[in-house]
Amino acid sequence: MTIETTKWDSAEYLKAEEDILAYLEAAFEDGDPALIKHALKVIARARGMTAIAKDAGVTREALYKALSEKGDPKLSTLLGVMRALGLSLAAKKSEAA
């Protein structure tokens, strides 16, 4: 008997604002820039890449490129995406400091 599998897509499970926020918070808590970039890409896909790109002030192609595996988004792009998602970045004292 062969086991059939399907491709997992996190974007399919990010429907509620609370889910999106928890997903992104977990990525930021980890602190890995690649993971944060990936989380933003998944969230943007869940919300609609075209709409997020427009609200972020970049082209859809530029957003895909910035959030790709080899992409290195500018701070302005990161802030634009966060703003388009209705979120903001904030600094706080690290518990490790």
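Quantify how much of the Cα-Cα distance distribution of the range 23-65 extends past 14 Å, in percent.
Looking at the range 23-65, the distances longer than 14 Å represent 46 percent of pairs.
Cα-based values for the range 1-48, radius of gyration first and Dmax second, are 12.9, 42 Å. Taking all Cα pairs closer than 8 Å and separated by 6 or more residues, the relative contact order of the chain comes to 21 percent. A simple packing score, the average count of other Cβ atoms within 10 Å per residue, orders the peptides 49-62, 11-24 as 49-62, 11-24, with the highest score first.
Bear in mind these aren't lab numbers, they're just calculated from the coordinates by the rules spelled out. Everything numeric here is computed off the predicted structure, so don't read it as measured data. As a convention, Cβ positions derive from the backbone with ideal geometry for all residues, glycine included, and neighbour counts pool all protein chains shown.
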